[in-house]
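Comments concern the structure below.
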Amino acid sequence: MRGFLVAGNWKMNGRNAVNEQLAGEIIAGMPHSDSVELLICPPYPYLASMAAKVDGTALALGAQNLSEFESGAHTGEIAPGMLLDVGCKYVIVGHSERRAMYGESNECVARKFAAASKAGLQPILCVGETLEDREAGRTEKVIESQLGAVLELVGIETFATAVLAYEPVWAIGTGKTASPDQAQDVHKHIRSILAAQDDNIASQVRILYGGSVNGSNADGLFAMTDIDGGLIGGASLKSADFLAIAAAAASQG
Ligand code: PGA
């Protein structure tokens with residue numbers, strides 16, 4: 001059984017006091033379920049304090065980005081080993097905001113994925129099409145090239161310790177969610193791309209859906225065969241909303 005992962009991507013939000021409260025409320029209210037893992041991904045400066053906060057609890061910690069390099073003259077960058085050092089288990093790789101605003105190509109994302117895995121972090125690889133791509137019937141092609149670049153660099157074996165997130169760009173922060181059927185179609189396609197190389201790994205890898213997930217639509221999404229949780233932006237900043245999504249996952253288990 002794959003189990004669910006509900007991941008909060010805090011993006012560039014929060015300050016010490018707010019984070020303390022949010023994480024505290026999540027820890028206090030999280031479901032006690034073997035089939036649901038909860039994760040928060042705060043901004044870099046707060047990783048250490050949040051690591052202390054989640055220590056001894058079942059709440060996992062992750063980062064939102066990382067450098068493809070291990071150390072050295074890379075001013076302003078954060079190495080994979082540093083994330084591991086401060087207590088991260090996961091790292092988001094290739095979020096559409098990084099691809100669109102910070103010029104991360106499929107190849108760059110693949111190198112970051114490789115660096116994360118090599119360091120012992122579990123990468124959460126984000127893929128997804130723009131509205132233009134969808135309307136032009138290019139959704140599958142876009143996903144194939146995003147995923148293909150990573151598969152080519154690291155090989156299928158590395159996906160045994162990775163997570164995927166299907167995040168249609170048109171659904172992120174827009175209030176427009178993909179319907180459960182629309183999302184399921186793409187999730188199934190992603191799993192089939194992996195299955196073409198290794199059936200076992202494909203059936204074990206968790207594929208999250210992201211894009212305007214909230215407490216009301218999570219149930220329908222999580223009920224789909226190939227949807228194994230969510231990557232949550234806006235709704236991860238309010239404990240009640242995030243916990244409602246976690247509860248929706250727990251009710252499937
Ligand atoms: P959203 O963001 O839930 O606010 O749409 C999701 C994401 O960007 O990961």
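Where in segment 1-48 are there trypsin sites (Lys or Arg not before Pro) that are in a DSSP coil and have at most 11 other Cβ atoms within 10 angstrom of their Cβ?
Here the sparse-neighbourhood loop sites are Arg15.
Calculate I(q)/I(0) for segment 203-253 by the Debye formula, one identical point scatterer on each C-alpha and no solvent, and give its log10 at q = 0.19, 0.20, 0.22 Å⁻¹ to two decimals.
-0.54, -0.59, -0.71
To the nearest Å, what is the center-to-center distance of segment 1-28 and segment 161-207, using C-alpha atoms only?
22 Å
For the chain, what does -39500 (n - 2.57) per DSSP helix run (n ≥ 4), summed and divided by total residues, give at 222 nm, in deg cm²/dmol to the nearest 500?
Working: 11 runs with 110 residues, N = 253.
Calculated mean residue ellipticity at 222 nm is -13000 deg cm²/dmol.
With a cut-off of 8 Å between alpha carbons and a minimum separation of six or more residues, what is the relative contact order of segment 4-252 in percent?
Relative contact order here is 21 percent.
Which one of Pro180, Ala114, Asn214 has its Cα pushed farthest toward the positive end of the charge dipole of segment 4-252, where Lys and Arg give +1 and Asp and Glu give -1 at the Cβ?
About the Cα centre, the residue reaching furthest to the positive side is Asn214.
Considering only protein heavy atoms, what is the solvent-accessible area of Tyr102 at a probe of 1.4 Å, reported in Å² to the nearest 10?
140 Å²
Would you work out which of Gly72, Asn200, Ala136 lies farthest towards the positive end of the dipole of the chain? Charges go on Cβ: Lys and Arg +1, Asp and Glu -1.
With unit charges placed on the Cβ atoms, the residue in question is Gly72.
Considering the options Leu243, Leu125, Leu164, tell which one lies farthest towards the positive end of the dipole of the chain, charges being +1 on Lys and Arg and -1 on Asp and Glu at the Cβ, about the Cα centre.
Leu243
With the convex hull built on the Cα atoms of the chain, state its orientation-averaged projected area in nm².
12.3 nm²
So what does Asp185 come to for accessible area, using a 1.4 Å probe and Å² rounded to 10?
We get 100 Å² for Asp185.
Below 19 Å, Cα to Cα, which lysines can Lys89 reach? Residues fewer than 8 away in the same chain don't count.
Cα-Cα hits under 19 Å: Lys11, Lys53, Lys112, Lys118.
Can you compute the charge dipole magnitude of segment 168-208 about its Cα centre, using +1 on each Lys and Arg Cβ and -1 on each Asp and Glu Cβ, nothing else charged? Give it in debye, rounded to the nearest 20. Please list the in-between numbers first.
Details: 4 positive and 4 negative charges, 32 e Å.
Dipole size: approximately 160 debye.
Taking the Cα centre of the chain as origin, sum charge times position over the Cβ atoms of Lys and Arg (+1) and Asp and Glu (-1), and report the length of that vector in debye to the nearest 20.
Numbers: 18 positive and 29 negative charges, 83 e Å.
The calculation lands at about 400 debye.
The values are calculated or read from the model by the stated rules, or taken from the named source; none is laboratory data. Since this is a predicted model, take the numbers as computed values, not measurements. Quick reminder, even Gly has a Cβ in these numbers, built from the backbone with ideal geometry, and neighbours come from all protein chains shown. Side chains are part of the model used for accessible areas, which takes the heavy atoms of the whole protein and leaves out ligands, DNA and RNA. Shrake-Rupley method; radii C 1.70, N 1.55, O 1.52, S 1.80 Å.
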